[in-house]
1. Where in the stretch 117-148 are there GluC sites (Glu not before Pro) that are in a DSSP coil and have at most 15 other Cβ atoms within 10 angstrom of their Cβ?
2. For the pair R233 and K388, how long in nm is the line joining their label points, each one 7 Å along Cα→Cβ?
3. In the stretch 200-289, what percent of the accessible surface is made up of carbon and sulfur (1.4 Å probe, ligands and nucleic acids excluded)?
4. By accessible area of protein heavy atoms, probe 1.4 Å, what ranking do R310, R335, R346 get, highest first?
5. With only alpha-carbon atoms counted, please give the Rg and Dmax of the stretch 137-292, in Å.
6. Would you work out if the stretch 221-290 is rounded, prolate or oblate? Take a ≥ b ≥ c from the square roots of the eigenvalues of the alpha-carbon gyration tensor; rounded if a/c is under 1.5, else prolate when a/b is larger than b/c, oblate otherwise.
7. Could you tell me what % of all Cα pairs in the stretch 207-356 have separations over 26 Å?
8. Could you sort out which of K89/K129; K153/K388; K112/K378 sit more than 32 Å apart by Cα distance in this structure?
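The values are calculated or read from the model by the stated rules, or taken from the named source; none is laboratory data. Please read all numbers here as calculations on a predicted model, not as lab measurements. Reconstructed Cβ throughout: ideal geometry from the backbone, glycine too, with neighbour counts over all protein chains shown. Calculation scope for accessible area: heavy atoms of the full protein, side chains included, ligands and nucleic acids excluded. Shrake-Rupley method; radii C 1.70, N 1.55, O 1.52, S 1.80 Å.
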Amino acid sequence: MTLEDELRTTFGHAAERAPHAPQGLPAHIAGRSRRRRIRANALMAAVAVVVIAGGAAVALRGEPPRQPIPAIRPTSTPARITEAEPVEKVWPAAVTKIPGKLRGGAKIRPLKLIGDRSVLFETWESHEKANAIYAYDLEARTSRKITNIRTPKGVFASNWTIGTDRVFWSTIEDGGTGLWSVPLEGGSTERLATVPGRVDTMAVAGDRLAFSVMDGGGVSTLPLGGGKVEAVRGAERHHILSWPWAGTPSDYTPNGETSYEEIVNAETGETNRAVVRAGETWVRCGVLTCVGARPDRTAFMRLRDGTQERDLPEIPMPGIAADRFMTVRFDSAGRGQALLDLATGRSGDLGIRPGDDGGMQVVHPGVGDGRLVHYSLKGENVIIDLSKIT
């Protein structure tokens, strides 16, 4: 199949299964989570829908750096995946299943991992409109409500971010974006600030909350408890990728630009520009690697400096997670998807299969600093913690 055929089939099935858009959806789309924004960008680019999307230096202390990924080995990626063991057997320490609903019937929608043993999840009052957030203990298999979420009609909570002892989120409103928090242990919500523009991504940076703006870019911070907003020097056009790294352009590249081609370290000022060769398309970069399609439409992965290039089984449209994870379809029509670790070549069957109408749930790890991959399967939520895959 050609790339156009694949896109037509994939997005045709998605369109058939998609719910009708609710009132206020345009404002809501602008503020959804990174994972949803990435999927929306791939879809909008595929159908050629164009989306238009000076301060003091701030010393920031980010989270400890992750362990470096294993060196890219050109022979470790299979050309095709025809079958794989279930993902829970391949990486048992990383995979957990939790209920699909609360006892009262509300659907559990996972958002973020909290530490090593809990998951933050939301329930909805209507399509994608959160009415409460909870913490689910993966070991005790119990949940507790953190707080109710109340937003006006047409306003949606998104950009959920976890700090040491608080949850943060944003609401896109008339005149700007509201930044909010609540203690992880529960309590009253607190509005930290209202900032101009539409916030697209947030991250906790030591004792400050960092955020970037969708339209035109720009990274700023404010104290975790609220206070003065300060711009990060050198990141005036950038969007948070994986703290402390921010890049430009962002996920939105309606004209085929390379996503995160240029990145800057908001703490040190270090910059990096990815190598992109003539004729390459769908190029998506992370902190260490880039993926995309060559002029002959074969898929590739390589380091940002252009070295260690190798083939991929297919083009990872939204990019790859943690510079090493992507999902691939089995090399047999309609047989499902597998999670592929590009650092080791191992893969695990996600268990997803087409429905009676031919449509199929699509799972993308995405890019950035997310550890959580989740999807629904047989009435349960499958939780995969990518940080536990070694």
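1. Passing sites in the stretch 117-148 are E139.
2. About 4.3 nm separates the two model spin labels.
3. Numbers: 1580 of 3300 Å².
Heavy-atom surface of the stretch 200-289 belonging to carbon and sulfur, 1.4 Å probe: 48 percent.
4. R346, R335, R310
5. When restricted to Cα atoms, the stretch 137-292 yields Rg and Dmax of 17.2, 54 Å.
6. Because a/c hits 1.5 or more and a/b exceeds b/c, the stretch 221-290 counts as prolate.
7. The answer is 36 percent, as a whole percent.
8. K89/K129; K153/K388
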